[in-house]
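Report on the structure given below.
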Amino acid sequence: MAIDALSHLTDPQHCGTLVLKVGSALLVDGRGEPRKEWLEALVSEIASLRGSGQRIVVVSSGAIALGASRLKLDKGGRASLSDAQAAASVGQIALSGLWSELLEAEGLAAAQMLVTLGDLEERRRYLNASSTLTRLLEAGVVPVVNENDSVATEEIRFGDNDRLAARVAQAAGADAVVLLSDVDGLMDRDPAQDGAVLVPVINGVTDEVRAMATKGSASGLGSGGMVSKLQAAEIAERAGIALAIINGKHAKPLSRAVDQNLGTLFVPTRSDDARRSWLGGRIAPSGTLTVDEGCIAALAKGASLLAAGIIKVKGTFERGELVSILDSDGCAIAQGLSEYSAENCRKICGKRQTEQEDILGHAPRSAVVHRDQMVML
Ligand code: GLU
């Protein structure tokens, strides 16, 4: 059954599996201590949802914030990558202990899963993470997931748990993601401006929707803000997963959002098969192919990307790696797996199939990005 109302989020008939993302600002107070009472109330909500037959995956931030206070690091542990990594190592062990203790008090077992961007970007590792999550959920366990910040490097990390939550939802086969925020949802303009109103439902993240997001809601403790929440919504909606932003500041935030119908619900806009959803949600392309207008029109009709339509190739990539396909304004219109290395793409870009054999020294492939390996964005 489709999810088109906030009340569906806590109804196992509509939402068999829910991913709940809890940010640092909710979990950790200004002194760097866990907000235990609030968390206890949230865990009791999780327990009653589990009791009603819903499977729950928690994506929990807070490692860096908890570790930073213990190590007395400046800027909440985010002054440098090595500070963040050290803080995460110290904080993660405390964070896991906290979740485990509180879930256990409700009769639930917690499981810790720390993932890096690469674990979810590479297909084989993604499937591995996916089967672990599935097995844990079958066993009645509550997986508590975070980015493995202590080993993640600057260029290849999520950095925010919003997008991580959307990717984890794909891997867990979830129906919906709830991002607990410090505001009631997406406002139609900067919340600091007069007359800003909450947008209750979004059917597809468009440029107009993106323009509503400001970094105004970032608390300083986490790294999210509305921009990363919208990116998470886009990943989810393309994968047929609903996503809601609700206010987490109150005790029992899920019940409050549902009872008062207060929050922003992003209704999924399409439902690609599992592999395409995964491909469309990948967030770290190794290069870009800028294409001409004729090519864009052909792609929109479902054609593969041919070398003749490519104007420019950027980046370093090998055959099989993810590339972003851009229009001449630099907007990403699609992404997919390249059949050629960047070097060979450069050699054949703008050339017809018949000219390519001489350049390459062998028969060309049928396309640079085959339509089966490509997702329109
Ligand atoms: N993974 C980070 C942590 O546990 C938080 C990322 C975020 O702020 O979203 O501290």
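Throughout, read-outs are computed from the coordinates displayed, never taken from laboratory work. Computed from a predicted structure; not experimentally measured. Don't worry about glycine lacking a Cβ; one is built from the backbone with ideal geometry, like all the others, and counts go over all protein chains shown.
Eigenvalues of the alpha-carbon gyration tensor of region 67-139, scaled by 5 and square-rooted, set the equivalent ellipsoid semi-axes at 27, 21, 6 angstrom, largest first.
Sorted ascending by nearby beta carbons within 10 Å, beginning with the fewest, 14, 250 become 250, 14.
Bridge orientation summary for the chain: considering DSSP beta bridges with both residues in this region, about 40 percent are antiparallel.
What FRET efficiency, computed as 1/(1 + (r/R0)^6) with R0 = 45 Å and r the Cβ-Cβ distance, is obtained for residue 190 and residue 353, rounded to the nearest 0.05? Computed FRET efficiency for residue 190 and residue 353 comes out at 0.35. Residues 10, 354, 134, 153, ranked from the fewest to the most other C-beta atoms within 10 Å, line up as 354, 153, 134, 10. The modelled label-to-label distance between residue 33 and residue 250, using points 7 Å beyond Cα along the C-beta direction, is 2.6 nm. Residues of region 15-51 falling in the label zone of residue 182, defined by backbone nitrogen less than 14 Å from a point 7 Å along Cα to beta-carbon, are 23-33, 35.
Reported to the nearest whole Å, the Cα centre-to-centre distance from region 222-285 to region 306-377 is 31. Given their separation in residues at 0.36 nm each and the Cα-Cα distance between them, residue 112 and residue 208 gain 30.8 nm when the chain is fully extended. Near residue 36, which aspartates and glutamates are there with a Cα under 16 Å away, not counting those fewer than 8 places off in the same chain? Qualifying aspartates and glutamates at Cα under 16 Å: 45, 101, 104, 106. Entry note, the chain: relative contact order of 14 percent, from Cα contacts under 8 Å with a spacing of 6+ residues.
Neighbour counting of Cβ atoms within 10 Å sorts the residues 376, 1, fewest neighbours leading, into 1, 376.
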